[in-house]
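The values are calculated or read from the model by the stated rules, or taken from the named source; none is laboratory data. None of the values given here were measured: they were computed from a predicted structure. Ideal geometry is used to build each Cβ from the backbone, glycine not excepted, and the neighbour counts take in all protein chains shown. Surface areas here come from the heavy atoms of the whole protein model, side chains and all, with no ligands, DNA or RNA. Shrake-Rupley method; radii C 1.70, N 1.55, O 1.52, S 1.80 Å.
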Amino acid sequence: MTTHPDVHLPIIGWREWVGLPNFDIARIKVKVDTGARSSSLHVSNLRIFERDGIRFAHFQVHPAQRSISPAIEAEARVLEFRSVRSSSGKASLRPVISSTIELLGVRWKVELTLASRDQMGFRMLLGREAIRGRFIVDAGKSYYGGKPRKRRKSS
């Protein structure tokens, strides 16, 4: 029998709710994707610009799945542009930003590529670089961090 040296790490499921405090996003549903090296955030109206010789990205984040509302305006410094190969095999050059993420009460910095993920099932992917050494993934379960309460429609 083989034992794992990191069994003391918290367990997360293949999908979770995370916070992005830099963008005042309390929760966004992510797919934890150990097959993806980098993490990716769905954005719209992406615009790259320079301020004092430094590149920035201005964009909108739509944290609610299958909805464009609310649209959160955000801005972040561009660290670099990275070639990323999608699950269909197509490569594209994407801007990379750094952001704080919160999951299970833990906050840390991650690099996020910005992309249009309209055709994808999740607004954000959490890749293996972001979770390495922090969590163990239970591929058969979801929402170890809990699910947000559904809002009741008022009549």
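The residues on offer are Leu114, Leu103, and the sole one that is under 24 Å from Ala71 (Cβ atoms), in contact with a Pro (Cβ under 7 Å, 6 or more places away or on another chain) and open to solvent by less than 20 Å² (accessible area, probe 1.4 Å) is Leu114.
One line per residue, one yes/no per condition, for (1) open to solvent by less than 50 Å² (accessible area, probe 1.4 Å); (2) free of Cβ contacts under 8 Å to residues at least 24 places away in the same chain; (3) among the aliphatic types (A, V, I, L, M):
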residue	(1), (2), (3)
Glu75	no, yes, no
Val78	yes, no, yes
Ser92	yes, yes, no
Pro95	yes, no, no
Ser98	yes, yes, no
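Does Ser69 fit the bill of being over 27 Å from Ala139 (Cβ atoms) and out of contact with any Ser or Thr (no Cβ under 6 Å at 6 or more places or on another chain)? In short, yes. Has segment 72-92 got at least one residue that is polar (S, T, N, Q), part of a strand (DSSP E or B) and either modelled with pLDDT of 90 or more or farther than 20 Å from Asp24 by Cβ (or both)? Yes, because at least one residue in segment 72-92 is polar (S, T, N, Q), part of a strand (DSSP E or B) and either modelled with pLDDT of 90 or more or farther than 20 Å from Asp24 by Cβ (or both).
Can you pull out the residues in segment 25-64 that are within 14 Å of the chain's Cα centre (by Cα) and charged (D, E, K, R)? Hits for segment 25-64 are Arg27, Lys29, Lys31, Asp33, Arg37. Taking the criterion of being in a strand (DSSP E or B) and buried (at least 19 other Cβ atoms within 10 Å of the Cβ), the residues of segment 32-52 that qualify are Val32, Asp33, Ser39, Ser40, Leu41, His42. Within the option set Glu16, Glu50, being under 20 Å from Arg94 (Cα atoms), acidic (Asp, Glu) and touching a strand residue (DSSP E or B) at 6+ places or on another chain (Cβ under 9 Å) holds for one residue only, Glu50.
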